[in-house]
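This report refers to the structure that appears directly beneath it.
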Amino acid sequence: MKAIKILLVLFSLYYAQSALAIDGNDWNKLPNDNQHAYTVGVIDAWQNIIGYCGAPQTACFPIKGMFESIVSCTSNRPYGQIAAIVEKYMKDHPEGWHYDMASIIFTALSQACKKTNP
């Protein structure tokens, strides 16, 4: 059963359905509270993936490696601060609004974490 759950997570990451994902343009149309909720939901999903993977497992290794540094970097930050980082990134990078929002959040937080943890 655990292997099936891991496979479902892997498939959902690689084959995201467009109806479930939004891009930066869609995110910009959301009310501020919904933007924050979406951002928090993405972070929480990454935290759940890291928690679910636990010990190094073959299927989880690449996923855990991708998200672990961001989850660690943001774990002690209030959600309002994380949302502000993403908002600032969006304002500063309108050329990338056509990308999916989870990727934008990943990039924004990766850059912010590199500045605070070089």
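The values are calculated or read from the model by the stated rules, or taken from the named source; none is laboratory data. Owing to the predicted nature of the structure, the values given are computational and were not obtained by experimental measurement. Here the Cβ positions follow ideal geometry from the backbone for every residue, glycine too, while neighbour counts run over all protein chains shown.
Scan (1) touching a Cys at 6+ places or on another chain (Cβ under 8 Å); (2) at pLDDT 80 or above; (3) over 18 Å from S103 (Cβ atoms) for the single condition N34 breaks and write down its number.
Just one mismatch for N34, condition (1).
Restricting to the stretch 37-48, name every residue that is more than 15 Å from L109 (Cβ to Cβ) and either modelled with pLDDT of 85 or more or in contact with a Leu (Cβ under 9 Å, 6 or more places away or on another chain) (or both).
Answer for the stretch 37-48, where residues must be more than 15 Å from L109 (Cβ to Cβ) and either modelled with pLDDT of 85 or more or in contact with a Leu (Cβ under 9 Å, 6 or more places away or on another chain) (or both): just A37.
Quick grid of which residues meet (1) at pLDDT 95 or above; (2) surrounded by 13 or more Cβ atoms within 10 Å (Cβ to Cβ); (3) β-branched (V, I, T):
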site: A55; (1), (2), (3): no, no, no
site: I63; (1), (2), (3): no, yes, yes
site: I70; (1), (2), (3): no, yes, yes
site: A84; (1), (2), (3): yes, yes, no
site: H93; (1), (2), (3): yes, yes, no
site: W97; (1), (2), (3): yes, yes, no
site: C113; (1), (2), (3): no, yes, no
site: P118; (1), (2), (3): no, no, no
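Test of understanding: among S75, S103, which residue is at pLDDT 85 or above and surrounded by fewer than 11 Cβ atoms within 10 Å (Cβ to Cβ)?
S75
With respect to the numbered conditions (1) outside any helix (DSSP H, G or I); (2) among the charged types (D, E, K, R); (3) within 13 Å of the chain's Cα centre (by Cα), which one is the sole condition not fulfilled by R77?
Answer for R77: the failing condition is (3).
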